[in-house]
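Worksheet for the structure shown next.
Here, each number is a calculation from the coordinates, and none is a lab measurement. Everything quoted here is computed from the prediction, not taken from an experiment. Reconstructed Cβ throughout: ideal geometry from the backbone, glycine too, with neighbour counts over all protein chains shown.
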């Protein structure tokens with residue numbers, strides 16, 4: 001049964017299925033851990049982004065920044081909201097000190113799903129940032145970009161209306177909005193047209209079992225005309241035709257359209273991480289693009305094309321020179337540049353290329369299977385290295401409790417500090433969250449039978 005035939009990938013009905021899923025499911029997609037997010041929303045990657053943002057601000061303070069006007073940090077498709085929460089936790093104390101003290105930074109959580117925006121506004125933990133004037137919320141649709149209506153300040157935010165640079169965060173965003181597919185066959189650029197098939201009629205496209213039956217069939221059709229109105233898009237594709245052997249690839253047209261909207265700003269820094277391809281050689285010998293299923297779906301991002309678009313637009317694209325196995329991470333500087341952006345490029349080399357989130361995740365996969373073998377000092381070191389990640393605390397808690405049961409009490413003050421930092425970092429997504437009771441159990445193991453409120457009072461000196 002053919003569901004649709006010979007469609008551009010970006011025009012396929014799969015994207016409407018994707019959209020309907022997130023509109024229907026809302027925050028439950030993250031509460032049930034159906035949509036993966038820990039790899040892209042953890043304290044470690046937030047700390048890396050924080051260092052890049054501070055470096056970018058230093059570059060602009062040297063080049064000329066209007067310190068009376070807001071500097072917006074906008075997270076696109078923020079989902080759980082945890083990335084910006086971790087980022088604020090890292091940045092807030094630093095922003096209170098010179099040379100950043102007094103800079104009017106405003107962080108904006110956005111999503112196209114109204115339920116997610118409503119969830120953030122009602123989240124008690126996020127209120128600490130709202131009350132300090134640091135956080136606001138808005139709906140934003142990456143496939144139909146337009147002005148943002150900020151929920152708390154009741155302002156309309158447009159890129160062209162901002163006097164200062166805008167900073168965008170786009171983690172696990174570009175993989176979930178429409179893209180096209182092309183093939184190079186016998187040296188010729190072809191458009192990969194998609195036919196969707198199922199073994200039966202599919203009257204309900206919101207059926208959760210639909211993806212088990214859908215088959216993707218691509219046919220490479222030689223191009224008879226330039227595929228896009230934007231000449232830069234076509235230039236990138238024709239570069240591929242000139243240098244790549246036969247292969248198949250995606251082209252992030254909707255992602256570039258979204259970036260084009262934000263390029264109306266004076267200057268733009270985009271920090272983005274996702275699964276995909278950054279190096280040109282990674283595009284060689286690729287099969288037809290297929291979705292990665294997780295409640296909805298995502299597709300590998302052609303970051304090489306996004307980086308090339310940035311360069312052709314007169315900007316800078318920063319990425320590690322080596323292959324990133326788990327997570328591609330890039331910093332894109334578009335519009336007016338703060339001189340040579342020395343601070344930003346140096347921070348990227350240190351915080352991403354030398355020891356970045358991809359490296360951390362590779363180590364995490366190795367270490368997480370060995371908690372039972374780790375000593376108490378090793379467990380504490382790992383938690384500190386993670387940036388006090390509550391997800392890591394949950395995972396290693398049984399081993400930590402075993403080690404604490406026969407540990408010398410001299411370790412207990414350090415453990416208490418670490419538990420407190422993990423608690424402060426944590427953003428619960430539902431009422432069934434058990435981190436409070438987990439911390440109380442660990443305290444009891446150290447013969448500190450405190451409730452979480454009593455523990456908080458003790459750690460803040462209010463008890």
message = Between segment 357-428 and segment 435-463, what is the separation of their alpha carbon centroids in Å?
response = 17
inquiry  = Can you classify segment 221-370 as rounded, prolate or oblate using the Cα gyration tensor, where a ≥ b ≥ c are the square roots of its eigenvalues, rounded means a/c under 1.5, and otherwise it's prolate if a/b beats b/c and oblate if not?
reply    = oblate
ask   = Based on the Cβ-Cβ distance of residue 369 and residue 293, what FRET efficiency does E = 1/(1 + (r/R0)^6) give at R0 = 25 Å, to the nearest 0.05?
value = 0.55
Extension gain, residue 103 back to residue 143 (0.36 nm per residue minus Cα-Cα distance, nm) = 11.3 nm
note = Per the rule of 0.36 nm per residue minus the C-alpha distance, extending residue 444 to residue 458 adds in nm 3.6 nm
note = segment 243-266 and segment 83-126 have their Cα centres apart by a whole-number Å value of 28
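Helix-only estimate, please: 222 nm mean residue ellipticity of the chain, summing -39500 (n - 2.57) across DSSP H runs of length 4 or more and dividing by its residues, to the nearest 500.
Working: 16 runs with 176 residues, N = 463.
Helix-only estimate at 222 nm: -11500 deg cm²/dmol.
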query = Quick one: which of 433-445, 108-120 comes out on top by average Cβ neighbours within 10 Å, and what's the full order, highest first?
reply = 108-120, 433-445
ask   = With each label point set 7 Å from Cα along the Cα-Cβ vector, what nm distance links residue 246 and residue 8?
value = 2.6
query = Using a basic spin-label model with each label point 7 Å from the Cα along Cα→Cβ, how many nm lie between residue 158 and residue 216?
reply = 3.7
Spin-label pair residue 235/residue 402, simplified geometry with 7 Å Cα→Cβ offset, distance in nm = 5.9
request  = Specify, per residue and in Å³, the volume enclosed by the convex hull of the alpha carbon atoms belonging to segment 152-282.
outcome  = 187
key: Peptides 270-278, 62-70 ordered by average Cβ neighbours within 10 Å, highest first   = 270-278, 62-70
query = residue 92 to residue 285: FRET efficiency via 1/(1 + (r/R0)^6), r the Cβ-Cβ distance, R0 41 Å, to the nearest 0.05?
reply = 0.30
task = Any chance you could give the angle, 0 to 90 degrees and rounded to 10, that helix 14-25 forms with the longest Cα principal axis of the chain?
result = 30
request  = Using 0.36 nm per residue of separation minus the Cα-Cα distance, give me the extension gain between residue 424 and residue 228 in nm, one decimal.
outcome  = 65.8 nm
note = FRET efficiency (residue 128, residue 199; Cβ distance; R0 56 Å; to 0.05) is 0.60
remark   = Zone reached by a paramagnetic label modelled 7 Å from residue 28 Cα along Cα→Cβ, restricted to segment 122-145 with backbone N below 11 Å, covers none
message = To check you understand DSSP bridge types, tell me what percent of the beta bridges within the chain (both residues inside) are antiparallel, rounded to 5.
response = 65
message = Using just the Cα positions, wrap the chain in a convex hull and report its mean projected area in square nanometres, one decimal place.
response = 23.6
query = Order of 206-219, 359-372, 21-34, 415-428 by packing, highest average Cβ count within 10 Å first?
reply = 415-428, 21-34, 359-372, 206-219
key: Where N is the number of residues in segment 368-460, Cα Rg divided by 2.2 N^0.38 Å   = 1.00
inquiry  = Tell me the angle of helix 435-445 to the major Cα principal axis of the chain, expressed in degrees between 0 and 90 and rounded to the nearest ten.
reply    = 40
query = In what sequence do 255, 198 fall when counting other Cβ within 10 Å, fewest first?
reply = 198, 255
Ranking of 84, 158 by count of other Cβ atoms within 10 Å, fewest first = 158, 84
